[in-house]
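A.B. asks: My structure is below; once you've seen it, I'll send some questions.
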Amino acid sequence: MRTSTPRSRWSRAFCEWPVLAHWAIGFALGWFLIGGMLPARTVHATEVTATSQHLLTAASANNAAVVIGPGFMPRCRETAIYIVWGAGVGSGGVTIESAHDPNYTGTWAPLAVVAWTAASKEDIIQITGVHDAIRTRISTVIGGGTIDSYAVCN
């Protein structure tokens, strides 16, 4: 018959270590999942500010244009251009263009072309990206009335 020998304090601790380790890991995971001693995570909302500007005012002449440049658009990532067709307008077109400099005298890059579809109507052109200068230019004479244009960006 076999008899067991008494265990030393160290051998008992070593044999019980896996049980203690599992308990400690479980406790730590549970503590982590419920947020225990970890610092609370705070989410701060960032205020989105929009900037707006009236561009063309009661305009109808071919090539009438208004430019918005770096002073208006330093942090713009999204821009909306509103074209407001006045009462009585029966034809016309507006081109939204971009360039690297508000004073650029060459051919600007077209972003959108808006053709007249109805009087007393508003069109919106949404532009994503960073631009040094954007302009609204009447590319086809506005017949029978006038338009206004506005830029809003954030």
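A.B. asks: Using 0.36 nm times the number of residues separating D101 and K121, minus their current alpha carbon distance, what extension gain do you get? Present the calculation step by step, with values, prior to reporting the outcome.
C.D. replies: Details: separation 20, 0.36 × 20 = 7.20 nm, distance 3.11 nm.
Additional length available on full extension: 4.1 nm.
A.B. asks: Same structure, new question: For the residues T95, T136, T107, what sequence is obtained by ranking on other C-beta atoms within 10 Å, fewest first? The partial results should precede the final answer.
C.D. replies: Values: T95 19, T136 29, T107 8.
Result, fewest neighbours first: T107, T95, T136.
A.B. asks: Find the percent of Cα-Cα distances in region 51-153 that exceed 19 Å, and round it to a whole number.
C.D. replies: Details: 1878 of 5253 pairs.
When all Cα pairs of region 51-153 are counted, 36 percent exceed 19 Å.
A.B. asks: On to the next question. Over region 51-153, what relative contact order in percent results from Cα pairs under 8 Å that are six or more residues apart? Don't jump to the answer; show the numbers that get you there.
C.D. replies: Working: 269 pairs, mean separation 52.2, N = 103.
Value for region 51-153: 51 percent.
A.B. asks: Any chance you could run the full-extension gain for T57 through A109? It's 0.36 nm times the residue separation minus the Cα-Cα distance, nm to one decimal. Numbers along the way, then the final one.
C.D. replies: Numbers: separation 52, 0.36 × 52 = 18.72 nm, distance 2.27 nm.
Extra length available between T57 and A109 comes to 16.4 nm.
A.B. asks: DSSP loop trypsin sites (Lys or Arg not before Pro) in region 73-154 with at most 13 other Cβ atoms within 10 Å of their Cβ, which ones?
C.D. replies: Working: sites: R75, R77, K121, R135, R137; in loops: R75, R77.
The qualifying sites are R75, R77.
A.B. asks: Calculate the dipole size of region 51-153 relative to its Cα centre from +1 charges on Lys and Arg beta carbons and -1 charges on Asp and Glu beta carbons; express the result in debye to the nearest 20.
C.D. replies: 20
A.B. asks: Reported to two decimal places, what Rg/Rh ratio describes region 101-154 when computed on Cα atoms with Rh from the Kirkwood expression?
C.D. replies: Ratio of gyration radius to Kirkwood radius: 0.96.
Each reported figure results from applying straightforward, stated rules to the coordinates on display, with no laboratory input. If you're wondering where the values come from, they're calculated on a predicted model, not measured in any experiment. Every residue, glycine as well, gets a Cβ built from its backbone with ideal geometry; the counts of neighbours run over all protein chains shown.
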